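Trainee: One structure follows; several queries about it will come next.
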Amino acid sequence: MAANVPPLSDADLRQLRIFRAIVESNGFGAAQEQLGISRSTISSQMSALETRLGVTLCRRGRSGFALTDHGQKIYNEAIKLFAAEDSFRAEVGAIRGSLVGELRIGVVDAVVENPNCSLDQAIAAFNQRAPDVHVTLLIVSPNQIENALLSRQMEVAIVPNQPMNSAVQMQQLFYEEQRLYCGARHPLFDQDTAKLPMEEVADLTFARRGYSVATAFQSLFKHAPAATAYDMEGLAHLILSGRFVSFLPTHFAARWEERGEMKVLRPDFLSFKIGMCMAHFPHAVLSRMAREFRECLIEAHPVYIGAKKQAG
């Protein structure tokens, strides 16, 4: 039978925090600035942690940084450990009448320019109410949000409306309008596409997003996707290449439209809205910090939420 790991010391916890920073920075070098310590210190601390735990946590070298299977499991458990520690600190702080600890928030890319998104207002209100809470904002691909929530890497996230584990609750905050675009190098760019036949649209080479989002045009194209991207910036690169068409948020694509580098195809028909939702665990198991931030998000997005309540 394998021996149990002895009780964790302060040194162990410090090394685990360093390990978490390395994983989330995707390497030793990138973690230096966040941690404020030298690379040699990071390396020695990691070696000590691996010796302490008796497993190799990661591979590092010319080929880059990569977690081992053991490292991924240790990282997942470390996240749970620190989440429990933060929850304890938060609840003790609540008993004493203040909110303390770290609140980790996830958000997908390309929403900061959305005029319907008031995340900045929610953060400002939360910081005013809980100035001692350290807010960590993580830009995460939609296909990673569910796992990040379930593994407690974050407590609250803003994500497109998509299938989620039944343990995750979703509440819509605002909409994101999407249209079909081609780039300036695309054969259609200089043509009059206002009345482009849908049969021709269906035959175009398109790039898909690498996660499931319910749209009205999932079966529009005749052929399998020729490229995939997991965020809006990636899709923009593919569109700008002139080889693919794809859907982008209108607020995100506006910069390239204004510069004459992208063009909308059939906006009269190929336009739809995606609900952008707040995702989190049930209210009863959220930390007090997360519950407070949830309220700030709701207060910052009164238009849609108020309309939902009135309709209900």
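The values are calculated or read from the model by the stated rules, or taken from the named source; none is laboratory data. The model shown is predicted, which means the values in this text are computed figures rather than measured ones. Don't worry about glycine lacking a Cβ; one is built from the backbone with ideal geometry, like all the others, and counts go over all protein chains shown. Ligands, DNA and RNA are stripped out before the accessible areas are found, and what is left, the full protein with its side chains, is counted by its heavy atoms. Shrake-Rupley method; radii C 1.70, N 1.55, O 1.52, S 1.80 Å.
Trainee: In nanometres, what is the gap between the two model label sites at Glu102 and Asp203, each 7 Å from Cα along Cα-to-Cβ?
Mentor: Output for this residue pair reads 5.5 nm.
Trainee: Using amide H atoms built 1.01 Å from N in the peptide plane, name the residues 5+ places from Tyr175, or on other chains, whose amide H lies under 5 Å from its own.
Mentor: The answer is Met276.
Trainee: Over the chain, with the other protein chains present, what is the accessible area per residue in square angstrom, probe 1.4 angstrom?
Mentor: Heavy-atom accessible area per residue stands at 52 Å².
Trainee: If I take R0 = 51 Å and measure r between the Cβ atoms of Leu81 and Lys195 in this structure, what FRET efficiency does the formula 1/(1 + (r/R0)^6) give, to the nearest 0.05?
Mentor: For Leu81 and Lys195, the calculated efficiency is 0.30.
Trainee: Under 5 Å between amide H atoms, partner at least 5 residues away or on a different chain: which partners does Val135 have, H built in plane at 1.01 Å?
Mentor: When sequence neighbours closer than 5 places are left aside, the close amide H contacts are Leu103.
Trainee: Another question about this same structure. Report the charge-dipole magnitude of the stretch 14-72 in Debye, nearest 20, computed about the Cα centre from +1 at each Lys and Arg Cβ and -1 at each Asp and Glu Cβ.
Mentor: 100
Trainee: Highest first, please rank the peptides 38-44, 52-58, 286-292 by the mean number of other Cβ atoms sitting within 10 Å of their residues.
Mentor: 286-292, 52-58, 38-44
Trainee: Run the count for the chain, please: Lys pairs, Cα-Cα under 21 angstrom, 8 or more apart or on different chains.
Mentor: 5
Trainee: On to the next question. Sequence gap at least 6, Cα distance under 8 Å: using those rules, report the relative contact order of the chain to the nearest whole percent.
Mentor: 21
Trainee: Calculate the dipole size of the chain relative to its Cα centre from +1 charges on Lys and Arg beta carbons and -1 charges on Asp and Glu beta carbons; express the result in debye to the nearest 20.
Mentor: For the chain, the charge dipole is close to 500 debye.
Trainee: Dipole size in debye (nearest 20) for the stretch 139-232 around its Cα centre, Lys and Arg Cβ +1, Asp and Glu Cβ -1?
Mentor: It works out to roughly 180 debye.
Trainee: Give me the percent of accessible area attributable to carbon and sulfur for the stretch 241-285, probe 1.4 angstrom.
Mentor: Solvent-exposed carbon and sulfur of the stretch 241-285 make up 53 percent of the total.
Trainee: Another question, if that's okay. Summing Lys, Arg as +1 and Asp, Glu as -1, what charge do residues with Cβ under 10 Å from the Cβ of Lys273 carry, Lys273 excluded?
Mentor: Charge balance in the 10 Å sphere: -2.
Trainee: Towards the positive end of the charge dipole of the chain, with charges on Cβ (+1 Lys, Arg; -1 Asp, Glu), say which of Thr56, Leu173, His223 has the farthest Cα.
Mentor: Towards the positive end, the residue furthest out is Thr56.
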